[in-house]
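Visitor: Pasting a structure here, questions to come.
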Amino acid sequence: MTSAPAEAPAPPDLLGTHAPSRAALRCTALAVVAAALALAVAGTLPALGLAGAAGAVVAALLLRGRSAVLDQVLGAAGALATAVAVPGLVAEGGVPAVSPVLALALAVRQFAVARSVRAVRAVLGLSVLVTVAAAGTAPSNALVGPVALVWGAVLAGLACAVPHRGVDGRVLRRAAGALAVATTVALVLFLLVPAPSTGGGALRGLGGGGSGAGEAPVRSAEAYAGGTLDLSARGELPATELLRVPADSPSLWRSGVLDVYDGRTWSSSGNPVRWSAGASGYVAVPEVGASGVERVDDVQPLAPYPAVVSAGSPVGVGTSSRVFDGGSGLVLQDASSPYRVLSRVVPTVEDLGSGSAGDAPEDVARWTRLPGSVPQRVRDLGVRLAEGRDPVAAARAVSAHLRSVARYSLQAPVPADGEDAVDAFLFEDRIGFCEQFASAEVVLLRSAGFPARLVTGFAGGEPAAGGRVFRSADAHAWVEVWVPGSGWVSSDPTAGATLVAGGSGAQGWWQRLWAQVQRLVEGVLADAGARALVAVVLVALLVLGVVLVRRRSRRRSVPVVVGPPVRRGDPAVAALLLALERFDVALPQPWRRGPAEGLSDWRARAPGGAELGAEVEGALAVVERACFARVLPARSELEGARRALEAASSVLLARERRAMAGSGG
């Protein structure tokens, strides 16, 4: 009876087909989970998708190698759990919004079934692409942590991917180069492909605090232009330059006045200033009680911003653009057109000694109205704080109370559905920013019967050439309370509030530098031509870098690694490889090495399956080092491995002869 013909010898195994090291697998798992976290921070991946991706990766890491079928099942389940939000993303942001999530799902699946260094490297590359996509979707300081985790994990994973190769400077340089190439390609794709709109950078479904709320809308400077202000919106505003005003102008610049509170949002029932077109622009009937002190200011938009802002109560606007009433304030048809605004200065409660007797504002019910959703404990607190006080003293008392019980944070908890936002801020969370502080003061003052309203616009600004610049991050909300004899007087309860993290909030040099970087990046991203130019520059730098690295490598006279030609010419290595081939032929068919099977995978299953013992497994480890290690094993090790393989081949052939004799063949 003739034995089955031996399979053709497997081609020389390259590093990419080897089984990865355990350290590389752990680094890859960390990179995938960190990439999923980046998408969650960017608002593209819901909490369920993040949990599914992380769970599948951890399970695949712990159960790796138990069963190929189990690995496939874990990979498919993880991919499906990761992509759970795809239908919603398609409806919300179209196909581009789905791409990062699908790439993450592919990374999760590939990690579960990865058997080679090459597969692990592909997963690491996908992690980099997903992270860059997350940063492009919703840039945020919260992404710094996930991005650092991904980059560190990818670099470490590339450096220690092959188990029998030590990590030295050369390996680290190669890993850093591979990471640089992947990052550059990802950045180029990000610059050339428009970023989808996916709902911003809040953590979708992860909650902002103890209220148990769902997804929070994203704040924008446009919300402070008037119209509607949603107290559920969260997130930092960018440092985009919007307006330039005179350097000596007041700190607070008004854009809109809001009077209707529904427990969750503010809106306007109509512009309190009545406008008409005049010969030199637009003029208004001054509000009753407005200050008689007037000033004229020139406003230069630095980016399109539709609302007309004024350093007080506006009474005139001169501009080449058409202007129309937006409900809570004036709106420019040409949002980039400069204008000149005449305002009547609004005093502050700090400027006044006390209130006095006088007329009430027009339609006093409009400025004292509260919805039935405001709980009684809020109303009682307003009455208690203002009891026996005039409007000025009441406003000061309310502001002092808010500063004493509440802290400032842009990442304040989001009220639950159906919960009054002011009540949650005052009695539950006690964390908020200007919108929450100002809303609480208006509601408390109205609870005590004092007319009050919410005002939106800008505060502070930064000195710059030609005046003072307001950025998106300077958008602000404050309060105006009616003081008989003085009219509407401003009060800013947010000023002086304690930060959640402590400190005065003064910017250090690194914060100013980071703000400059943000402004530069925002300017590039806002210009399609600049994006394309930066992409071309990155490609050119990548090509130049590759050329320089190759040229430097060619100039090295002494090779660092003993190459395959030298190894194949070594008599001891040649004898060992010949013994390995004979051992492979002598193995029973199920335990022979597959055409594309790496030495690591084959070594893990063949000796145990054929019951040949630890000596053969050790011999195969020596073969692996002889082929791929940076330093050849000692001659004694090569010779010992050859003898072990030849002895195992003899045992296997003897078994086959006995089996054939027993069957009568």
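The values are calculated or read from the model by the stated rules, or taken from the named source; none is laboratory data. This structure is a prediction, so every number in the text was calculated from the model and none was measured. Ideal geometry is used to build each Cβ from the backbone, glycine not excepted, and the neighbour counts take in all protein chains shown. Ligands, DNA and RNA are stripped out before the accessible areas are found, and what is left, the full protein with its side chains, is counted by its heavy atoms. Shrake-Rupley method; radii C 1.70, N 1.55, O 1.52, S 1.80 Å.
Visitor: Quick one: residue 263 ticks every box in (1) modelled with pLDDT of 85 or more; (2) in contact with a strand residue (DSSP E or B) (Cβ under 9 Å, 6 or more places away or on another chain) except a single one, so which number is it?
Guide: That leaves (2) as the condition not met.
Visitor: Hey, another quick one. Just to be sure I understand, how many residues within the stretch 320-331 are free of Cβ contacts under 8 Å to residues at least 60 places away in the same chain and either in a loop (DSSP other than H, G, I, E, B) or surrounded by 19 or more Cβ atoms within 10 Å (Cβ to Cβ) (or both)?
Guide: Of the residues in the stretch 320-331, 5 are free of Cβ contacts under 8 Å to residues at least 60 places away in the same chain and either in a loop (DSSP other than H, G, I, E, B) or surrounded by 19 or more Cβ atoms within 10 Å (Cβ to Cβ) (or both).
Visitor: For the stretch 379-400, enumerate the residues that are of a type in the set (Lys, Arg) and either part of a helix (DSSP H, G or I) or open to solvent by less than 30 Å² (accessible area, probe 1.4 Å) (or both).
Guide: Step one: of the stretch 379-400, the residues of a type in the set (Lys, Arg) are 379, 384, 389, 396.
Correct list: 379, 384, 396.
Visitor: Also, I was wondering about something else. Would you confirm whether or not the stretch 321-339 contains a residue that is out of contact with any strand residue (DSSP E or B) (no Cβ under 9 Å at 6 or more places or on another chain) and under 18 Å from residue 229 (Cβ atoms)?
Guide: Looking through the stretch 321-339, none of the residues is out of contact with any strand residue (DSSP E or B) (no Cβ under 9 Å at 6 or more places or on another chain) and under 18 Å from residue 229 (Cβ atoms).
Visitor: Could I ask something else about it? Filter the stretch 626-649 down to the residues that are modelled with pLDDT under 85, assigned to a helix (DSSP H, G or I) and within 11 Å of residue 576 (Cβ to Cβ) and list them by number.
Guide: 626, 627, listed by residue number.
Visitor: Turning to a different aspect of this structure: Which residue is surrounded by the most Cβ atoms within 10 Å (Cβ to Cβ), if the candidates are limited to the stretch 282-314 and must be free of Cβ contacts under 8 Å to residues at least 40 places away in the same chain and touching a strand residue (DSSP E or B) at 6+ places or on another chain (Cβ under 7 Å)?
Guide: Ranking the qualifying residues of the stretch 282-314, first place goes to 284.
Visitor: Of the residues 486, 447, 490, which single one is at pLDDT below 90 and of a type in the set (S, T, N, Q)?
Guide: Within the list 486, 447, 490, the selection yields 486.
Visitor: Suppose we filter 97, 112, 107 for residues that are modelled with pLDDT under 65, open to solvent by less than 10 Å² (accessible area, probe 1.4 Å) and assigned to a helix (DSSP H, G or I); which single one remains?
Guide: 97
Visitor: May I ask you to list pairs of residues, at least six apart or on different chains, whose Cβ atoms are under 6 Å apart, with the first in the stretch 620-632 being within 14 Å of residue 643 (Cα to Cα) and the second being outside any helix (DSSP H, G or I)?
Guide: Close Cβ pairs satisfying both conditions: 622/633.
Visitor: Something else now. If only one of 428, 350 is open to solvent by 60 Å² or more (accessible area, probe 1.4 Å), out of contact with any helix residue (DSSP H, G or I) (no Cβ under 6 Å at 6 or more places or on another chain) and outside any helix (DSSP H, G or I), which one is it?
Guide: 350
Visitor: Among the residues of the stretch 228-245 satisfying the criterion of being open to solvent by 30 Å² or more (accessible area, probe 1.4 Å) and either closer than 24 Å to residue 464 by Cβ or small (Gly, Ala, Ser) (or both), which is farthest from the chain's Cα centre (by Cα)?
Guide: 244
Visitor: Pick from 647, 626, 641, 654: which is touching a helix residue (DSSP H, G or I) at 6+ places or on another chain (Cβ under 6 Å) and within 22 Å of residue 588 (Cβ to Cβ)?
Guide: Step by step, each of 647, 626, 641, 654 is checked, and only 641 is touching a helix residue (DSSP H, G or I) at 6+ places or on another chain (Cβ under 6 Å) and within 22 Å of residue 588 (Cβ to Cβ).
Visitor: Just checking, which of 248, 334, 262 is surrounded by fewer than 22 Cβ atoms within 10 Å (Cβ to Cβ) and free of Cβ contacts under 8 Å to residues at least 12 places away in the same chain? Spell out the reasoning first.
Guide: Values: 334 fails: free of Cβ contacts under 8 Å to residues at least 12 places away in the same chain; 262 fails: free of Cβ contacts under 8 Å to residues at least 12 places away in the same chain.
Exactly one residue qualifies, and that residue is 248.
Visitor: Just one of the numbered conditions (1) farther than 13 Å from residue 101 by Cα; (2) of a type in the set (A, V, I, L, M, F, W, C); (3) open to solvent by 30 Å² or more (accessible area, probe 1.4 Å) is not true of residue 33; which one?
Guide: Of the numbered conditions (1) farther than 13 Å from residue 101 by Cα; (2) of a type in the set (A, V, I, L, M, F, W, C); (3) open to solvent by 30 Å² or more (accessible area, probe 1.4 Å), the odd one out for residue 33 is (1).
Visitor: Within the bounds of the stretch 451-472, is there any residue that is within 30 Å of the chain's Cα centre (by Cα), over 17 Å from residue 236 (Cα atoms) and open to solvent by 10 Å² or more (accessible area, probe 1.4 Å)?
Guide: yes
Visitor: Look at the stretch 476-489 and say how many of its residues are touching a helix residue (DSSP H, G or I) at 6+ places or on another chain (Cβ under 6 Å) and open to solvent by less than 10 Å² (accessible area, probe 1.4 Å).
Guide: 5
Visitor: Here's something else I'd like to know. Check off (1) at pLDDT below 85; (2) open to solvent by less than 10 Å² (accessible area, probe 1.4 Å); (3) assigned to a helix (DSSP H, G or I); (4) not polar (S, T, N, Q) for residue 57 and give me the number that stays unchecked.
Guide: Of (1) at pLDDT below 85; (2) open to solvent by less than 10 Å² (accessible area, probe 1.4 Å); (3) assigned to a helix (DSSP H, G or I); (4) not polar (S, T, N, Q), only one is false for residue 57: (1).
Visitor: Being in contact with a helix residue (DSSP H, G or I) (Cβ under 9 Å, 6 or more places away or on another chain), buried (at least 21 other Cβ atoms within 10 Å of the Cβ) and modelled with pLDDT of 65 or more narrows it down to one of 191, 187, so name that one.
Guide: Step by step, each of 191, 187 is checked, and only 191 is in contact with a helix residue (DSSP H, G or I) (Cβ under 9 Å, 6 or more places away or on another chain), buried (at least 21 other Cβ atoms within 10 Å of the Cβ) and modelled with pLDDT of 65 or more.
Visitor: Step by step: first the residues of the stretch 126-135, then only those that are modelled with pLDDT under 85 and open to solvent by 10 Å² or more (accessible area, probe 1.4 Å), then the one that is nearest to residue 600 (Cα to Cα). Which residue is that?
Guide: That would be 129.
Visitor: In contact (Cβ under 8 Å) with a residue 40 or more places away in the chain and not hydroxyl-bearing (Ser, Thr, Tyr): which single residue out of 462, 419 fits that description?
Guide: The unique qualifying residue is 419.
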